[in-house]
1. State yes or no: is ASP232 open to solvent by 50 Å² or more (accessible area, probe 1.4 Å), assigned to a helix (DSSP H, G or I) and more than 21 Å from GLU98 (Cβ to Cβ)?
2. Quick one: in region 328-351, of everything that is of a type outside the set (Val, Ile, Thr) and in a strand (DSSP E or B), which residue is most open to solvent (accessible area, probe 1.4 Å)?
3. Kindly indicate the residue of region 166-191 that is open to solvent by 50 Å² or more (accessible area, probe 1.4 Å) and not in a loop (DSSP other than H, G, I, E, B) and also farthest from GLU237 (Cα to Cα) among those meeting that condition.
4. How many residues are in a loop (DSSP other than H, G, I, E, B), of a type in the set (D, E, K, R), modelled with pLDDT of 95 or more and over 23 Å from the mean Cα position of the chain (by Cα) when one looks only at region 247-277?
5. Of all residues in region 129-165 being of a type in the set (Gly, Ala, Ser) and farther than 14 Å from ALA192 by Cβ, which is surrounded by the fewest Cβ atoms within 10 Å (Cβ to Cβ)?
6. Considering region 1-35 alone, what residues qualify as being modelled with pLDDT of 95 or more and in a loop (DSSP other than H, G, I, E, B)?
7. Looking at region 32-66 only, could you name the residues that are small (Gly, Ala, Ser) and free of Cβ contacts under 8 Å to residues at least 24 places away in the same chain?
8. What's the number of the only condition in (1) closer than 24 Å to ARG331 by Cα; (2) outside any loop (DSSP other than H, G, I, E, B) that LEU136 fails to meet?
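The values are calculated or read from the model by the stated rules, or taken from the named source; none is laboratory data. Since the model is a prediction, treat every value here as computed from it, not as a measurement. Here Cβ is always computed from backbone atoms with ideal geometry, including for glycine, and neighbour counts include all displayed protein chains. Note: areas computed on protein heavy atoms with side chains; ligands, DNA, RNA excluded. Shrake-Rupley method; radii C 1.70, N 1.55, O 1.52, S 1.80 Å.
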Amino acid sequence: MNQMSPITVTANGRHYQWPKVPAIAICLDGCEPAYLDAAIDAGLMPALERMRKQGTVRTAHSVIPSFTNPNNLSIATGRPPAVHGICGNYLYNPATGEEVMMNDPKFLRAPTVFQAFYDAGARVAVVTAKDKLRALLGHGLKYDEDRAICFSSEKADTSTKAANGIDNASEWLGRPVPEVYSAELSEFVFAAGVKLLREFRPDVMYLTTTDYVQHKYAPGVKQANDFYEMFDKYLTELDALGAAIVVTADHGMKPKHKADGSPDVVYAQDLFDEWLGKDVARVILPITDPYVVHHGALGSFATAYLPEGADRAVIMDRLRKIEGIDLVLGREAACSRFELPDDRIGDIVMLSTENKTIGTSEHRHNLEALNEPLRSHGGLTEQAVPFITNRVLPDQPDAPMLRNFDAFYFAIMAAAQTDKKA
């Protein structure tokens, strides 16, 4: 820390110490804890195994819905969706009848930890696999002082100094832009993180991946183990370069299919059409994003907007009797329990059981791109995620008190305590 550095930085009411070494949070998208256990048991993750023995190992809870955007923005802000406003990948505006992606920073209601540290004079780096998160994660950063870099693997070849802090990140890294549906998209993130740590030496860095592999392959399957073996090699380098690291995830992942491999779905819009009339109610699936090969827009969390005069209590009772529905809550109860913004949630919230998903109408889902039995997320059964720190933090709590959005708090705490491993 130089003499001009502040002792603490405040972001969204949380106070962060100034790091003495780089503080890194790594979000392994879709990393069900069983993936790490299987890869370690197979002898494929010596670096992570060492971290678990020498550092601090916990289980944390993600935010609900256990989807990518809400959890990445929670990690980035250190707060739940009720504070930052991003409660899904997808948003419905009842006033206009529009359904839109929540990728635009205009939907973000709180500054990120990255912005707070940048404003305090720190060097900040963010690398994400998919470009859908880049604008949100990089909001508030400025690129004219050589203190901020933020780009995606997906669009690395079009990054610019003015918009991302680096010209053509693909050329800089010496790697071509990977196919978006590939493990290599995440490997690009890790490789960039190592090079940034060596050359840019950020005070705070966030690396976040894609769950392409996790949607396709179960824990212990060769392709999944290959992914985590690859990650471990980059983790070895990051650890050796002296950074304080927290490894966590945005959500877990569970099989959501029948014995024959076909998706197991409760088509909620079809139910509402039967009960209330066609298209009178509106079911919204916040998992919806452009990457339909992953999940076919089928997840375990949905919200429904009811017509005026509908008996919500009666409808909720009927939903609770549907096989595969785990939890049904009204807006008020759901927003209180899951810390969600009440102006972006429907009248009813539904969560499905471990091996079921919720859809709209059967004919609206194009499932032809699903080449393997469906694996997805969004509900309570995908809330448990790993939380591993490469330094000893004796006062670190466990789930449910520990949340994945505590990642930077504890990474920075570890980075501020010492410049040596405990």
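1. Details: open to solvent by 50 Å² or more (accessible area, probe 1.4 Å): no; assigned to a helix (DSSP H, G or I): yes; more than 21 Å from GLU98 (Cβ to Cβ): yes.
Spelling it out, it is not the case that ASP232 is open to solvent by 50 Å² or more (accessible area, probe 1.4 Å), assigned to a helix (DSSP H, G or I) and more than 21 Å from GLU98 (Cβ to Cβ).
2. Applying the first criterion (of a type outside the set (Val, Ile, Thr)) to region 328-351 yields 329-344, 346-347, 350-351.
The next check asks that each one be in a strand (DSSP E or B); those that pass are 329-330, 350-351.
Numbers: LEU329: 29, GLY330: 8, MET350: 1, LEU351: 1 Å².
For region 328-351, the residue satisfying everything is LEU329.
3. GLU171
4. Residues meeting the conditions: 0.
5. Applying the first criterion (of a type in the set (Gly, Ala, Ser)) to region 129-165 yields 129, 135, 138, 140, 148, 152-153, 156, 159, 162-163, 165.
Narrowing the set further to residues that are farther than 14 Å from ALA192 by Cβ leaves 135, 138, 140, 148, 162-163.
Details: ALA135: 17, GLY138: 27, GLY140: 16, ALA148: 25, ALA162: 9, ALA163: 16.
Applying the filter and picking the extreme gives ALA162.
6. Across region 1-35, the qualifying residues are ASN12, GLY13, TRP18, PRO19, LYS20, VAL21, PRO22, LEU28, ASP29, GLY30, CYS31, GLU32.
7. Step one: of region 32-66, the residues small (Gly, Ala, Ser) are 34, 38-39, 42-43, 47, 55, 60, 62, 66.
Result: GLY43, single match.
8. The single condition LEU136 does not satisfy is (1).
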